[in-house]
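As structure tokens, the structure follows; a few thoughts come after it.
The values are calculated or read from the model by the stated rules, or taken from the named source; none is laboratory data. Nothing here was measured: the structure is a model prediction, and the numbers come from that model. Cβ placement follows ideal geometry from the backbone for every residue including glycine, while neighbour counts extend to all protein chains displayed.
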Amino acid sequence: MTTWKLGDHTAHRIGFGAMRLDPATGVAVLRRAVELGVDHLDTAAFYGPANGLIREALSPYPSELLIATKIGPGNHPERGFYQATTAAELRAQVEDNLRALGVDSLGLVNLRVADDSGSLADRFAVLAALRDEGLIQHLGISNVRVDHLHEALAIAPVVCVQNNYSVELRVDDPLIDLCAANGIAYVPFSSMVGPPTPAIQAIADAHDISPQQVRLAWTLHRSANILAIPGTGKIPHLEQNLAAADIQLTPAELATLA
């Protein structure tokens, strides 16, 4: 399967993560990404220049482009890095993203919680209310557990879960399967991070590709509801990442990586 639904948006399974954008090359990288068919971007106001670069590169935005942002973590000139917990703080972060991206409504907002977070119900209910106001179109959650997903689903529809996941870090396997069963996209971050293991390097050599492409291809093979968001500040790396969608790993290679 080459696409998955994010709410009412049909997305290719490889998007683009904006965290690593370089102000010197970001506009060119973003425009090239969209030229190559990227139709969903992952960003956040606390990524620094990312939202401004997205607006400069792509506004007015193509109708087929979905921009997903995250709120929860924030970076304030006086407070420093903080975690939004109140309705006022969460609304302010949503409004900051609206202004920076130059839109009236955010296509997708992920509530990112802190490690070992307790209940997210109160914060997610705030986002659900902002969605009802029309400031947000779709909701997701990030850095969460299975119980968090159940909490969120009891409040409003969830279109994606965004967590740390890779071939070596697989504690989320049950959560991925739960998301798939409910038609929810699972969006891993850091899936390409880490040195090549001997098994990954051997597969890369066999296909004449990079170890990072092996990691990305394995992630896509893992489940049809996985949408990857690799990020880069360089066009050659962007093109390599997108090429991973066409890499076919053999059953023996998948078994080795599993």
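Residues ARG131, ARG79: which one is more than 26 Å from ASP172 (Cα to Cα) and either in contact (Cβ under 8 Å) with a residue 12 or more places away in the chain or acidic (Asp, Glu) (or both)? Quick ask: steps written out before the conclusion?
Working: ARG79 fails: either in contact (Cβ under 8 Å) with a residue 12 or more places away in the chain or acidic (Asp, Glu) (or both).
Just a single option satisfies the conditions, and that option is ARG131.
Does ALA154 meet the test of being closer than 30 Å to ARG222 by Cα and surrounded by fewer than 20 Cβ atoms within 10 Å (Cβ to Cβ)?
On the way: closer than 30 Å to ARG222 by Cα: yes; surrounded by fewer than 20 Cβ atoms within 10 Å (Cβ to Cβ): yes.
Here the answer is yes, as ALA154 does meet what is asked.
Could you please tell me which pairs satisfy a Cβ distance under 6 Å, a separation of 6+ or placement on different chains, a first residue in segment 10-22 that is at negative phi, and a second residue that is of a type in the set (Ser, Thr, Tyr) and buried (at least 24 other Cβ atoms within 10 Å of the Cβ)?
Partner pairs satisfying both residue conditions: ALA18/THR43.
If the requirement is being modelled with pLDDT of 95 or more, touching a Gly at 6+ places or on another chain (Cβ under 9 Å) and closer than 30 Å to PRO198 by Cα, which of these qualifies: ASN143, ASN163? Lay out the reasoning, then the answer.
Details: ASN163 fails: touching a Gly at 6+ places or on another chain (Cβ under 9 Å).
Of ASN143, ASN163, the one residue that is modelled with pLDDT of 95 or more, touching a Gly at 6+ places or on another chain (Cβ under 9 Å) and closer than 30 Å to PRO198 by Cα is ASN143.
I'd like to check which helices (runs of 4 or more DSSP H) are fully inside segment 145-249 and have at least 2 residues that are in contact (Cβ under 8 Å) with a residue 12 or more places away in the chain and within 26 Å of LEU41 (Cβ to Cβ). Spell out the reasoning first.
On the way: elements: 146-153, 173-181, 198-207, 211-222, 235-243.
The qualifying helices (runs of 4 or more DSSP H) are 146-153, 173-181, 211-222, 235-243.
Hey, ALA258 hits all of (1) of a type outside the set (S, T, N, Q); (2) surrounded by 15 or more Cβ atoms within 10 Å (Cβ to Cβ); (3) without any contact (Cβ under 8 Å) to a residue 12 or more places away in the chain but one; which does it fall short on?
For ALA258, the failing item is (2).
Which one of these is closer than 28 Å to ILE226 by Cβ and touching an Asp or Glu at 6+ places or on another chain (Cβ under 7 Å): ALA11, ALA44, ALA50?
Numbers: ALA44 fails: touching an Asp or Glu at 6+ places or on another chain (Cβ under 7 Å); ALA50 fails: touching an Asp or Glu at 6+ places or on another chain (Cβ under 7 Å).
Among ALA11, ALA44, ALA50, only ALA11 is closer than 28 Å to ILE226 by Cβ and touching an Asp or Glu at 6+ places or on another chain (Cβ under 7 Å).
Restricting to segment 25-58, name every residue that is over 21 Å from LEU111 (Cα atoms), touching a residue at least 40 places away in the same chain (Cβ under 8 Å) and among the small types (Gly, Ala, Ser).
GLY26, ALA28, ALA33, GLY37
Please count how many residues of segment 173-189 are farther than 19 Å from PHE16 by Cα and surrounded by 20 or more Cβ atoms within 10 Å (Cβ to Cβ).
Here is the first cut: in segment 173-189, the residues farther than 19 Å from PHE16 by Cα are 173-183.
In the following step, the residues that additionally are surrounded by 20 or more Cβ atoms within 10 Å (Cβ to Cβ) were identified as 176, 179.
Qualifying residue count, segment 173-189: 2.
Sort out for me the strands (runs of 3 or more DSSP E) sitting completely within segment 22-136 that have 3 or more residues that are surrounded by 19 or more Cβ atoms within 10 Å (Cβ to Cβ). Please lay out each step first, then the result.
Details: elements: 40-44, 66-71, 73-76, 80-83, 106-112.
Of the strands (runs of 3 or more DSSP E) lying wholly inside segment 22-136, those with at least 3 residues that are surrounded by 19 or more Cβ atoms within 10 Å (Cβ to Cβ) span 40-44, 66-71, 106-112.
Do you know which residues across segment 162-197 are at negative phi and of a type in the set (S, T, N, Q)? Talk me through it step by step, then tell me what you get.
Pass one, segment 162-197, residues at negative phi: 162-182, 184-189, 191-193, 195-197.
Residues satisfying the conditions are GLN162, ASN163, ASN164, SER166, ASN182, SER191, THR197.
Just checking, how many residues over segment 10-21 are surrounded by fewer than 18 Cβ atoms within 10 Å (Cβ to Cβ) and in a strand (DSSP E or B)? Steps first, answer last, please.
Going residue by residue through segment 10-21, those that are surrounded by fewer than 18 Cβ atoms within 10 Å (Cβ to Cβ) are 10, 19-20.
Within this subset, residues satisfying the condition of being in a strand (DSSP E or B) are 10.
Of the residues in that region, 1 qualify.
Which residues, taken from segment 45-66, are at pLDDT below 95 and in contact with a strand residue (DSSP E or B) (Cβ under 6 Å, 6 or more places away or on another chain)?
Listed by number, the list holds a single entry, PHE46.
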